[in-house]
Amino acid sequence: MDKNQHAKLRADIIDNVSTTFKALADPTRIRILYLLSEEECAVSHIAEILELSQSAVSHQLSLLRNLRLVKYRREANTLYYSCDDDHVISLLKQAINHIDCD
């Protein structure tokens, strides 16, 4: 097949995929995303379960929200976070299953 006939990825797609994988490369963000794949959570609950400061959780959630990997809803003064991209959660769970297949 001629090299000119191969489909090429657009630069913006390559950048976004790279950014998503970078986000998934952080252990804390993996833990947060995995927890949110199981249940909707407030920052305080995430901090308690993962034994992190609320500040650290908020920082990571902000990054994940900017990447549209998590979303939130407000109930009174509390924000409840959940996953916003089933594709990324599927990738995360596939990676976990790949590693944990023993």
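Read-outs throughout are calculated quantities, based only on the coordinates presented, and are distinct from any laboratory measurement. What you see is a predicted model, and the numbers here were worked out from it, not measured in a lab. In this analysis, Cβ positions are derived from the backbone assuming ideal geometry, glycine residues included, and neighbour counts consider all displayed protein chains.
Return the residues of segment 64-92 that are closer than 14 Å to R31 by Cα, free of Cβ contacts under 8 Å to residues at least 60 places away in the same chain and either surrounded by 15 or more Cβ atoms within 10 Å (Cβ to Cβ) or touching a His at 6+ places or on another chain (Cβ under 9 Å) (or both); say none if nothing qualifies.
Those that are closer than 14 Å to R31 by Cα, free of Cβ contacts under 8 Å to residues at least 60 places away in the same chain and either surrounded by 15 or more Cβ atoms within 10 Å (Cβ to Cβ) or touching a His at 6+ places or on another chain (Cβ under 9 Å) (or both): L64, L69, V70, Y81, C83, I89.
State whether the residues of segment 25-34 include one that is surrounded by 15 or more Cβ atoms within 10 Å (Cβ to Cβ) and either touching a residue at least 60 places away in the same chain (Cβ under 8 Å) or at positive phi (or both).
Checking segment 25-34: at least one residue is surrounded by 15 or more Cβ atoms within 10 Å (Cβ to Cβ) and either touching a residue at least 60 places away in the same chain (Cβ under 8 Å) or at positive phi (or both).
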